[in-house]
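These notes concern the structure reproduced below.
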């Protein structure tokens, strides 16, 4: 920002000092680049068709029939006759674009605006040579606007339009002399205004865009640095891995021997483990078989006892059924009564059935 | 409400009427008689419990059955009321409850005596006397014969069983042999 203000200050001081000679040189305050010789094709003397009241040395008006020169065979410069060098120094006021009452349309000849009266004059160079339109600042536009179909191509090589450095910041007014606020309608916008616009634009950009831009650039820088670090780390890892692989390749025979040894040892361990597991399994199966045999033997013994007892009880029941008599029934009934009286020897149960 | 609860309510009602009228034993016996008849006859149940049979026909059938069983008015009207309310299915449970309540009220204990051979009256009276002596209440015996007992007598009083049969002794001997 300081540099920007410094630059603006320099420009402002330069422009403040400029009007002393700018006013003398041309109406736009152009400090230099003034042609030392009039463009080619300009008539050496006042044109015959100059209107009354036109100052001497001023370029002929549009109404004056311009001396028609033969079509040039060479580049456009030869088309215009050399202008007398005394024309501008002697008549600085005539170089101003402000039109005089006698020449209302003369100054506007170089502007793109239509010319209501000047073009009505017979013999206007609109379709003729179109080379004579006043001062040096007018010639370029004159060639472009009124060059017509004849020598129009010659005007493209005319000198550039005089630069307006600081006239007319506020706008155009054809009734006042060009000053810092107003300029003639045919004058381009002041270059200083462009500079100020640019300075304001640069200020706005710097004022409001500096921080986001800095942050974006900082984050971008950080991301790039991180990427670089990651890439560097990856490169280091890859380099280490490459070194390891190369080292392994150098010791590949030893590695193969080590792997073979490991496999042999692993095989031995597996063999021992499988043998131990088989031994355990055999012992376990033997125990299970012994237990099963014992259980089967026990169950057979129980079944045998049950069958024996059942057979014995059944045999006893058959004997009782065959041998028991009514006397036995009476005796057992009497015993029941005696035991019931003494409450001994009888099966007494709660909730059962007989 | 379950059948037992319903039967208990009707039995309590009949018990109260019997106590008031002094005919509790007769009411209990008549109710038990009708319950036995009702439980024994499928045809009687299919008619009395069938809602498609007109109520007048069912009532007439019930009157006929009550007349043949010699039921009094109290029991007969109770059965007619149960038939109108389609509650005749509770009659067996109601009879059991009522007999039990009647026995409790009269101090009677009912005992079932099962013997391997037919029991003579003298022995039955001696057994009844012995049971009354042991229970302290009047005992009513119901005698049965079961030849699988081989010999001896089994008496059931309520949920108490007094077993003196030869079959039980053989089973005991068998268990002792098996446990050896």
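Give the residue, chosen from A:333, A:327, A:315, A:278, that is in contact with a strand residue (DSSP E or B) (Cβ under 7 Å, 6 or more places away or on another chain) and part of a helix (DSSP H, G or I).
Numbers: A:327 fails: in contact with a strand residue (DSSP E or B) (Cβ under 7 Å, 6 or more places away or on another chain); A:315 fails: in contact with a strand residue (DSSP E or B) (Cβ under 7 Å, 6 or more places away or on another chain); A:278 fails: in contact with a strand residue (DSSP E or B) (Cβ under 7 Å, 6 or more places away or on another chain).
Exactly one of A:333, A:327, A:315, A:278 is in contact with a strand residue (DSSP E or B) (Cβ under 7 Å, 6 or more places away or on another chain) and part of a helix (DSSP H, G or I), namely A:333.
In the list A:330, A:310, A:303, which residue meets the criterion of being surrounded by 10 or more Cβ atoms within 10 Å (Cβ to Cβ), at pLDDT 90 or above and at the interface with another protein chain (Cβ under 10 Å from one of its Cβ atoms)?
One residue alone meets the criteria, A:310.
Is it fair to say residue B:11 is under 24 Å from residue B:140 (Cα atoms), in contact (Cβ under 8 Å) with a residue 12 or more places away in the chain, buried (at least 19 other Cβ atoms within 10 Å of the Cβ) and within 18 Å of the chain's Cα centre (by Cα)?
Values: under 24 Å from residue B:140 (Cα atoms): yes; in contact (Cβ under 8 Å) with a residue 12 or more places away in the chain: yes; buried (at least 19 other Cβ atoms within 10 Å of the Cβ): yes; within 18 Å of the chain's Cα centre (by Cα): yes.
Judged against the criteria, residue B:11 is a match.
What number goes with the only condition from (1) free of Cβ contacts under 8 Å to residues at least 40 places away in the same chain; (2) closer than 18 Å to residue B:80 by Cα; (3) within 19 Å of the chain's Cα centre (by Cα) that residue B:51 does not pass?
(3)
Take the conditions under 30 Å from residue B:106 (Cα atoms) and either more than 7 Å from chain A (Cβ to nearest Cβ) or part of a helix (DSSP H, G or I) (or both) and apply them to residue B:139. Does it pass?
So residue B:139 fits the description; yes.
Scan segment B:40-48 and give yes if some residue there is at positive phi and either at pLDDT 90 or above or in a loop (DSSP other than H, G, I, E, B) (or both), otherwise no.
Looking for residues that are at positive phi and either at pLDDT 90 or above or in a loop (DSSP other than H, G, I, E, B) (or both), one finds none in segment B:40-48, hence no.
How many residues does segment B:14-29 hold that are under 13 Å from the mean Cα position of the chain (by Cα) and within 15 Å of residue B:82 (Cα to Cα)?
0
For residue B:122, which of the numbered conditions (1) surrounded by fewer than 17 Cβ atoms within 10 Å (Cβ to Cβ); (2) free of Cβ contacts under 8 Å to residues at least 12 places away in the same chain; (3) at the interface with chain A (Cβ under 10 Å from one of its Cβ atoms) fails to hold?
With respect to (1) surrounded by fewer than 17 Cβ atoms within 10 Å (Cβ to Cβ); (2) free of Cβ contacts under 8 Å to residues at least 12 places away in the same chain; (3) at the interface with chain A (Cβ under 10 Å from one of its Cβ atoms), residue B:122 is out only on (3).
Output the number of the condition that residue B:129 fails; it satisfies all remaining conditions of (1) free of Cβ contacts under 8 Å to residues at least 24 places away in the same chain; (2) surrounded by 14 or more Cβ atoms within 10 Å (Cβ to Cβ); (3) in a helix (DSSP H, G or I).
(2)
The values are calculated or read from the model by the stated rules, or taken from the named source; none is laboratory data. This is a predicted model, so every value here is computed, not measured. Cβ coordinates were reconstructed from backbone atoms using ideal geometry, including for glycine residues, and neighbour counts include every protein chain displayed.
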